[in-house]
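Single-structure report; data block below.
The numbers here are math on the coordinates, done by the rules we state, and not lab data. Keep in mind that what you see is a predicted model, and the values were worked out from it rather than measured. All Cβ positions, glycine included, derive from the backbone under ideal geometry; neighbour counts span all protein chains shown.
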Amino acid sequence: MTVAAKVAVEGATFSFDKCYDYAVPDRLRAAVCPGSMVLVPFGRGNARARMGVVLAVVELQPKKPLKELYDTAPENAVLTRELLGLVQYLKEHTFCTYYEAVRAIIPYGAQYRAQQGPDGPRLQKQLTVRTVSCYRRSGREVRLTAKQQKVAALLTDGRTLSGPVLCEGAGVGRGVLDTMVKNGALEVEKREQQLEVYQNYVPALPEEQPRLSPEQTACCARLTALLREDAPRAALLYGVTGSGKTLVFVQLIREAVALGRTCLVLVPEIGLTPQMIYRLKAVFGRRVAVQHSALSNSERLQQWQQIQRGEADIVVGTRSAVFAPLDRLGLIIIDEEQEHTYVSENSPRYSAIEVAKQRASYHKGLLVLASATPAVEDYYAAGQGRCQLLRLTRRYNEQPLPAVEMVDMRGELAAGNTGAISGRLAEEIAKNLDAGEQTILLLNRRGYNTVAVCRDCGEALKCNLCSVPMVYHKKEDRLLCHYCGGAISPAPRVCPACGGELRYAGTGTQRVEEELEARFPKARVLRMDMDTTQGKNSHERLLSAFAQGRYDILIGTQMVAKGLDFARVSLVGVLGIDQLLFAQSYRAFERVFSLVTQVVGRGGRGGLPGRALIQTVDPQNRVLSLAAAQDYEAFYAEEIAFRRLHLYPPFCSLCMVQFSGAQERETADAARAFGTYLKEGAAGRGDLPLRVLGPAPAGVAMLHGRYRYKLTIKCRNDGAFRELLRQVQRRYSGSPYVGRISVSIDFNSDSD
Ligand SMILES: Nc1ncnc2c1ncn2[C@@H]1O[C@H](COP(=O)(O)OP(=O)(O)OP(=O)(O)O)[C@@H](O)[C@H]1O
Ligand SMILES: [Zn+2]
């Protein structure tokens, strides 16, 4: 008998993604277990060493001798049984390869790569935690020079500081420290560099515990009861904007921690992490760790290891944090649960909410979804009794929700206003400036002009790799493709197709910023969009500057619309919302409703009453009117009726199969063939109800120079359907299209 490891190897394609057997050599016997990261010989003549993950260790009688594992990573890179289970889950539900799943679960920094050692290929850590020299006074009396005295002055009260901090603080070079170590004035030791993230925080809440409102108290009591049940539980916390959901979270986390359980809190985007971290750190201090993609690799690794070692029992982060290696996970909170950012757009195309459900069920924990505008599917599930529904119907201080007014933009042009800001909105902004109150403006389009159209041929200038109009960015004087990043600089004056004159039109955030500065020269305007938040910690910097009152007006894209809590914002303006109503998605209305309700809810959260203006050319529009009334229940009732009638989730699952290739004809043919395989596979099977729509060109018909087609399948996403899909994929991999037309499967896509 041979001890063998069943290994899923990196770089496999979906159809060849299976387990390979390897013999475990004696020297690795003790270290290799299910979940181990290993290095294996792969391919003919073992041409390359590849990474893999051990799915099982077995004893078997091989027909021919097995290849041997080269190496295994140390224990702290082993996937726990639970996380290994998630690898299987992701493979089964999102149609990724094993290794893609592994990569999603273990952050880059914790992974290993192959390196040639003296006895063959070995595993090498990709990133090591850096150490840094730290100094403190020795207590010995030594005569010090003037420079040395400056150093010593920084190290009073037994303090220890790192070399770089000391040198900068005292204005001296490294040599001074070295001399002081030699002459015995200082002691030095190597320490793991503490990458303290979010250390410069100011407690946002008063020290004493806030008194919860009766509604909040009732909510906490019910959730705490669920938490204590020691069984998988799910709840939907539907609380109007500014109702104090965060305070309920804090209380619930206290309870969970007291029960010896760990907690995970997810927010939908990086911009919302600082606020959540500060609020939680104010209460729980260093027990809070962070996981999101804006951390550097070493920061991310360090935080990850802290969680793994059990030094942090509360984790805050964005989507990928759902895989944080927490043990005894008792509580998972997903804030703004309606946001589509919880769905990954690359393989594995998972939904963090679905993964959270798996984890809650594994750990017998409580999953809390929270929002002022819950996803229609989740509100429906609550109505069906599949999760508990809790409500916060009022703001905690009985402050009313903001008063909303529609501004009819059809009149503006006639009145001679060609700008993006209506006369009414300008009036209110002026009032706010006089009163020293703050304003938030939402426009969900970055750039200056959003299109360049030829006056002669009428064509909009498009990216030559993607079928989307290019956006004018004024500061750099260039046209930019927001899909592939391609640029034309300087921005052309004439149409590349016919030589006609180009007219730049459409309004993005940069243009509104300029308009505000021209109209209100004294106002301090802050713009927040993807272009101003590229730098490290930029969200945090800009938001805290706004919170401290260093700006009067915040203009931004959807990133300013939700979750933020500023006491001095009393006016909200919504610009350019009409276009979003026509987006190609069955969720378009839901999106607009949520976006508008959320941004309106940023106003009037402190003591000041809030008001909001929505600019539209269609003031009677149903969705906008309901959003203006902030009437979620009414919106939900209409939306769920629509979904039922036209068969959309939650009444079916939508599976989108995307095809992309260099030739348009061939791409469409591949999609058609796939559709045929599907229909043939399902024919005559009552257990496989499905409707195949398409093939049709994708919403963005060309991306990065590749044509895109899609099949939309209305189905029941169960084991039988997924098995059918796998069969179809196997059949496809024997077709002439394989390798030329790539296929991806997405159960969370929201276009149709
Ligand atoms: N019981 C309370 N005592 C004191 N302040 C409270 C209380 N409840 C809520 N607040 C304050 O009200 C504001 C809004 O609370 P919070 O940010 O938690 O709302 P939310 O429900 O998350 O809203 P949104 O969904 O709009 O983000 C915060 O500044 C919070 O500190
Ligand atoms: Zn492009």
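Here are a few things to note about the model shown:
- In region 206-397, a dipole from Cβ-located charges (positive for Lys and Arg, negative for Asp and Glu) runs towards its positive end, and of Ser351, Pro274, Gly260 it is Gly260 whose Cα lies farthest in that direction.
- Other residues whose C-beta falls under 11 angstrom from the C-beta of Tyr380 contribute a net charge of 0, scoring Lys and Arg +1 and Asp and Glu -1.
- Charged side chains reduced to their Cβ positions (Lys and Arg at +1, Asp and Glu at -1) give region 653-746 a dipole of some 20 debye around its Cα centre.
- Estimated from the Cβ-Cβ distance and a Förster radius of 22 angstrom, the FRET efficiency linking Ala634 and Asn397 is about 0.30.
- Across the options Ala641, Ala629, Val165, the greatest Cα extent toward the positive end of the charge dipole of the chain (unit charges at beta carbon of Lys, Arg, Asp, Glu) belongs to Val165.
- On full extension, the segment bounded by Thr341 and Asn537 gains 68.6 nm, given 0.36 nm per residue less the C-alpha separation.
- Debye, to nearest 20: dipole size of region 545-602, +1 on Lys, Arg Cβ, -1 on Asp, Glu Cβ: 120
- Listed residues Leu613, Gln584, Gln658: farthest to the positive end of the dipole of region 523-675 (Cβ charges): Leu613
- Size of electric dipole in the chain: Cβ of Lys, Arg +1 and of Asp, Glu -1, about Cα centre, debye, nearest 20: 1780
- Arg48/Glu229 FRET efficiency (R0 35 Å; Cβ-Cβ; nearest 0.05): 0.10
- Region 536-576 and region 1-66: distance between their alpha carbon centers, rounded to Å: 52
- The chain - share of DSSP beta bridges that are antiparallel (%, nearest 5): 60
- Amide H to amide H, with H built 1.01 Å from N, Tyr70 comes under 5 Å of Leu39, Val40, counting only residues 5 or more places away or on other chains.
- For the pair region 205-279 / region 448-480, the C-alpha centres are spaced 46 Å from each other.
- Taking label points 7 Å from Cα along the Cα-to-Cβ direction, Ala31 and Lys63 give a separation of 3.2 nm.
- For region 688-705 versus region 288-351, the inter-centroid distance based on Cα atoms is 32 Å.
- At full extension, Arg113 and Phe582 could sit 164.2 nm farther apart than now, given 0.36 nm per residue minus the alpha carbon distance.
- Two-site label geometry, Val700 and Asp618: point separation in nm, points 7 Å out along Cα→Cβ: 2.4
- Between Val188 and Glu168, the FRET efficiency from the beta-carbon distance, with R0 = 22 Å, is close to 0.80.
- Added length on full extension, which subtracts the Cα-Cα distance from 0.36 nm per residue, Glu476 to Arg685: 69.4 nm
- Loop-located chymotrypsin sites (Phe, Trp or Tyr not before Pro) in region 631-716 (DSSP state not H, G, I, E or B) with no more than 15 neighbouring Cβ atoms inside 10 Å: Phe651.
- Counting other Cβ atoms within 10 Å as a rough exposure proxy, the listed residues Arg349, Arg726, Arg103, Arg211 run Arg211, Arg726, Arg103, Arg349 from fewest neighbours to most.
- Cα-projected label distance for Leu389 with Ala567, points at 7 Å along beta-carbon direction, nm: 3.5
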